[in-house]
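Working notes, structure below.
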Amino acid sequence: MNIEVAVRERISVRAFLDKPVSRETIAQLFETVRWAPSAANLQPWYVAVVSGDRKQRISDQVIQAVESGVGPHPNFPYYPNKWVEPYRSRRFRCGMALYNAIGIKRDDTERRRQIWNENYRFFGAPIGLFFFMGKNTGHGAWIDMGIFLQTVMLAAKELGLGTCPQASLADYPDIVKKELDVPEDWILVCGMSLGYPDDQAPINQYRTERMSVNDFLKWYD
Ligand SMILES: Cc1cc2nc3c(=O)[nH]c(=O)nc-3n(C[C@H](O)[C@H](O)[C@H](O)COP(=O)(O)O)c2cc1C
């Protein structure tokens with residue numbers, strides 16, 4: 001697949017086929033991804049691949065925490081405390097586009113809550129990925145992690161796989177780290193659902209918008 005097509009056609013996939021992803025395929029994916037660049041070649045990443053009972057146990061524990069009123073407590077604040085424009089409106093439109101795609105009314109808080117909790121079940125994907133970043137690496141390592149994540153998503157697309165990067169999967173790092181035996185000096189950056197996309201599912205039909213180039217790029221001659 002050419003890179004332009006991969007970049008333009010990658011979407012966040014939130015419904016997956018009931019089709020396993022082989023260990024060989026995941027190994028092949030990361031054989032490509034390991035060539036992602038990082039400043040000073042720090043390669044500050046660590047990835048946990050979860051499936052089967054282990055994935056189920058993480059989902060069950062996180063949902064139990066959510067339902068017993070334990071609030072999210074990620075290793076770092078993903079979003080601002082106070083939303084300002086233009087981000088406030090963009091975030092709102094992003095949520096509404098998703099709810100509209102699956103016919104959820106704006107005031108249907110119960111269905112919205114259910115859909116949100118699907119995050120913690122990896123949207124039914126057979127594979128979950130957790131991305132950790134080493135502590136004591138400096139702020140630049142966040143950029144390295146972002147590049148790494150996009151490399152995973154594009155390389156997955158090449159293999160016919162769908163992905164959904166998920167900040168929500170970093171909401172309960174204590175549960176994830178304990179279950180996976182990951183030491184404290186790793187920051188849980190985010191998770192990702194991985195599997196073969198269900199192209200017919202309504203939730204995979206809608207497409208998000210983007211700014212036009214002229215809205216973010218200026219020429220200086
Ligand atoms: C770092 C990151 C975290 C995200 N977290 C979530 C999440 O927790 N749940 C979710 O459903 N989508 C999540 N998304 C998906 C975004 O909503 C999505 O990328 C954006 O709306 C653009 O849509 P597209 O990926 O289909 O192009 C996340 C995306 C990124 C890059």
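Where a number appears in this text, it was derived from the coordinates with a stated rule and is not lab data. All values reported here derive from a predicted model rather than from experimental measurement. In this analysis, Cβ positions are derived from the backbone assuming ideal geometry, glycine residues included, and neighbour counts consider all displayed protein chains.
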Excluding residues fewer than 8 places away in the same chain, name every one of the lysines whose C-alpha is closer than 20 Å to that of residue 177. 55, 135
Potential lengthening between residue 167 and residue 68 on full extension [0.36 nm per residue; Cα-Cα distance subtracted]: 33.6 nm
GNM on the chain, C-alpha springs below 10 Å: top fluctuator among 57, 34, 23? 23
Mind putting a number on the dipole of segment 1-58 about its Cα centre? Charges go on the C-beta only, +1 for Lys and Arg and -1 for Asp and Glu, and I need it in Debye to the nearest 20. 240 debye
Suppose every K and R has +1 on its Cβ and every D and E has -1 on its Cβ; what is the size of the dipole of the chain about the Cα centre, in Debye to the nearest 20? 480 debye
Two-site label geometry, residue 117 and residue 215: point separation in nm, points 7 Å out along Cα→Cβ: 3.5 nm
Bins of 5 Å, starting at 0 and running to the largest distance - Cα pair percent for the chain: 1, 6, 13, 17, 20, 19, 14, 7, 3, 1, 0, 0
Potential extension, residue 136-residue 56 segment - 0.36 nm per residue separation minus Cα distance: 25.6 nm
Between the residues 122, 96, 136, the Cα farthest towards the positive end of the dipole of the chain, that dipole coming from +1 and -1 charges on the beta-carbon of Lys, Arg, Asp and Glu, is from 96
Using just the helices of the chain, give the 222 nm mean residue ellipticity in deg cm²/dmol: DSSP H runs with n ≥ 4 each add -39,500 (n - 2.57), and the total is spread over all residues, rounded to 500. -12500 deg cm²/dmol
Sorted on mean Cβ neighbours within 10 Å (highest first), peptides 14-22, 213-221, 95-103, 125-133 come out as 125-133, 14-22, 95-103, 213-221
What is the distance, in nm, between label points placed 7 Å from the Cα along the Cα-to-Cβ direction at residue 22 and at residue 100? 4.2 nm
In segment 27-64, which chymotrypsin sites (Phe, Trp or Tyr not before Pro) fall in coil by DSSP and have 13 or fewer other Cβ atoms within 10 Å? 35
Give me the one-decimal nm value for the distance between modelled label points at residue 184 and residue 92, 7 Å along each residue's Cα-to-Cβ direction. 4.2 nm
Three-way shape call for segment 181-221 based on the alpha-carbon gyration tensor, with the a/c threshold at 1.5: oblate
Compare the peptides 195-207, 170-182, 79-91 by average per-residue count of other Cβ atoms within 10 angstrom and give them in order, highest first. 170-182, 195-207, 79-91
Residues of segment 156-170 with amide N under 17 Å of the 7 Å Cα→Cβ point at residue 3: 156-159
